[in-house]
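Comments concern the structure below.
The values are calculated or read from the model by the stated rules, or taken from the named source; none is laboratory data. For clarity, every value in this text was computed on a predicted model and none was experimentally measured. Virtual Cβ from ideal backbone geometry, glycine too; neighbours counted across all protein chains shown. Calculation scope for accessible area: heavy atoms of the full protein, side chains included, ligands and nucleic acids excluded. Shrake-Rupley method; radii C 1.70, N 1.55, O 1.52, S 1.80 Å.
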Amino acid sequence: MSATLSGTDSLLLGIETSCDETAAAVVEGGRVIHSNVIASQVDIHARFGGVVPEVASRKHAEVISAVVEQALAEAGLGWKDLAGIGVTHGPGLVGSLLVGVAAAKGYALATGLPLIGVNHVEAHLLANFLRKPEEERSPALDLFPSVCLIVSGGHSDLVLVKGLGSYQVLGATRDDAAGEAMDKAARVLGLGYPGGPAIDRSSQEGDRTAVNFPRPVVPNTLDFSFSGLKTALLREVQSRYGNATKGGAQGIDAPTQEIADLAASFQEAVVDTLTRNLIEAAAQYGARQVMLAGGVAANSRLREKVGQWSQRHGVPACFPPLRLCTDNAAMVGAAGFFGAQRRGWDDLDLDVFSAMPITERTMA
């Protein structure tokens with residue numbers, strides 16, 4: 001469909017079901033959040049130590065209608081007030097994506113509203129440009145070029161942002177993403193799921209210089225590789241404690257302080273690696289600001305180190321509010337608005353994709 005949005009007062013419903021969060025939001029003009037509802041499945045998947053795709057998709061189907069209704073109610077709006085519907089259609093778990101896209105198509109057919117598919121990675125980046133109605137501005141300014149580090153359980157991407165919708169991938173993960181590496185480290189240390197927040201909490205009590213873990217480098221690139229770092233942690237644990245576990249469960253039988261030291265040292269290696277590449281990219285491409293996005297953008301040490309560099313060098317550093325770092329639908333509403341402006345609406349044959357780089361489905 002060729003019709004596009006215009007003006008700054010257009011309201012979109014965003015729907016997000018790419019992994020294990022069922023979310024819906026109402027966003028105005030791609031910038032202002034009027035509601036942002038998230039039904040988390042963390043407690044369900046914690047029993048398995050990670051997301052079970054079949055369980056996730058079934059749970060999405062159970063709650064998505066209620067989540068959408070709550071988002072509209074909290075915004076104080078009805079279907080007639082909306083200009084369109086944005087929905088994540090990649091990347092992500094195919095079964096989960098299908099639930100959200102099917103729901104969005106159903107709502108579009110029932111209401112006559114147009115529909116647009118959203119790239120989940122771009123949506124994370126755009127979380128930096130969102131604000132609540134009472135806030136004067138968002139964390140990020142329209143300063144381009146910018147460099148954004150998008151880090152989560154599935155992504156460790158360095159992206160040059162030439163403008164909204166104009167992206168160049170500067171670096172990506174060669175193996176484990178940063179969030180995935182933290183999840184695996186947390187399992188080794190017996191810190192629970194989700195691993196990133198657990199590692200961060202434990203690190204608050206630890207000595208980040210206790211173990212000198214490697215800072216992985218992929219020569220002549222801005223790419224990331226965390227599999228070797230993960231292996232280094234496993235070998236350190238085995239050299240200290242052998243195969244000793246907590247009653248046969250995952251995790252080591254070790255004093256709490258030693259576990260905290262290992263967590264802090266591992267986290268420091270991950271953060272140093274991420275920050276190093278971000279800073280190098282900013283210098284190479286003359287970034288006017290740097291941004292963080294994705295679940296790992298909530299990591300307190302990463303935010304601290306990037307903030308310290310920002311103050312020293314006078315380059316603005318932008319972090320989404322913690323509520324917008326993990327998967328949410330407000331960022332989807334933003335991406336849907338700007339996507340519709342650039343390339344118009346989608347047809348009802350919209351498909352889902354497990355893999356989708358940020359340069360797909362974002363350009364005009």
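Observations, loosely collected:
- For region 139-166, residues that are open to solvent by 10 Å² or more (accessible area, probe 1.4 Å), more than 17 Å from the chain's Cα centre (by Cα) and hydroxyl-bearing (Ser, Thr, Tyr) total 1.
- Any chance residue 112 is open to solvent by 10 Å² or more (accessible area, probe 1.4 Å), over 18 Å from the mean Cα position of the chain (by Cα), at positive phi and in contact (Cβ under 8 Å) with a residue 24 or more places away in the chain: no
- Candidates in region 195-211 are the residues that are closer than 28 Å to residue 170 by Cα and surrounded by fewer than 23 Cβ atoms within 10 Å (Cβ to Cβ); of these, the one that is farthest from the chain's Cα centre (by Cα) is 200.
- Complete set of residues in region 311-357 that are open to solvent by 10 Å² or more (accessible area, probe 1.4 Å), in contact with an Asp or Glu (Cβ under 9 Å, 6 or more places away or on another chain) and closer than 15 Å to residue 292 by Cβ: 326
- Restricting 49, 30 to residues that are part of a loop (DSSP other than H, G, I, E, B) and farther than 22 Å from residue 324 by Cα narrows the list to 49.
- When the residues of region 167-181 are filtered to those that are of a type in the set (Gly, Ala, Ser) and not in a strand (DSSP E or B), the one that is surrounded by the fewest Cβ atoms within 10 Å (Cβ to Cβ) is 172.
- Of all residue pairs spaced 6 or more apart or on separate chains, those with beta-carbon atoms under 9 Å, a first member in region 286-299 that is open to solvent by 10 Å² or more (accessible area, probe 1.4 Å) and a second member that is part of a loop (DSSP other than H, G, I, E, B) and polar (S, T, N, Q) are 295/152; 295/326; 296/152; 298/326.
- Matching option when the condition is touching a Cys at 6+ places or on another chain (Cβ under 9 Å) and at pLDDT 95 or above, among 161, 151, 211, 147: 161
- Exactly one residue out of 238, 257 is in contact with an Asp or Glu (Cβ under 8 Å, 6 or more places away or on another chain), open to solvent by 10 Å² or more (accessible area, probe 1.4 Å) and without any contact (Cβ under 8 Å) to a residue 60 or more places away in the chain, and it is 257.
- Count - residues of region 108-144 that are assigned to a helix (DSSP H, G or I) and small (Gly, Ala, Ser): 4
- Here residue 252 passes the criteria (1) under 20 Å from residue 19 (Cβ atoms); (2) of a type in the set (A, V, I, L, M, F, W, C); (3) surrounded by fewer than 21 Cβ atoms within 10 Å (Cβ to Cβ) except the one numbered (1).
- Which numbered condition residue 281 misses (of (1) open to solvent by 20 Å² or more (accessible area, probe 1.4 Å); (2) of a type in the set (A, V, I, L, M); (3) within 22 Å of residue 174 (Cβ to Cβ)): (1)
- Set 65, 18, 35: member being part of a helix (DSSP H, G or I) and modelled with pLDDT of 95 or more: 65
- Within region 14-63, being farther than 30 Å from residue 137 by Cβ and open to solvent by less than 10 Å² (accessible area, probe 1.4 Å) holds for 41, 45, 56, 60.
- Of the set (1) under 18 Å from the mean Cα position of the chain (by Cα); (2) open to solvent by 30 Å² or more (accessible area, probe 1.4 Å); (3) closer than 14 Å to residue 269 by Cα; (4) of a type in the set (Val, Ile, Thr), all apply to residue 231 but (1).
- Single residue of 133, 214 found to be within 23 Å of residue 236 (Cα to Cα), exposed (fewer than 15 other Cβ atoms within 10 Å of the Cβ) and either touching a Leu at 6+ places or on another chain (Cβ under 9 Å) or touching a residue at least 60 places away in the same chain (Cβ under 8 Å) (or both): 214
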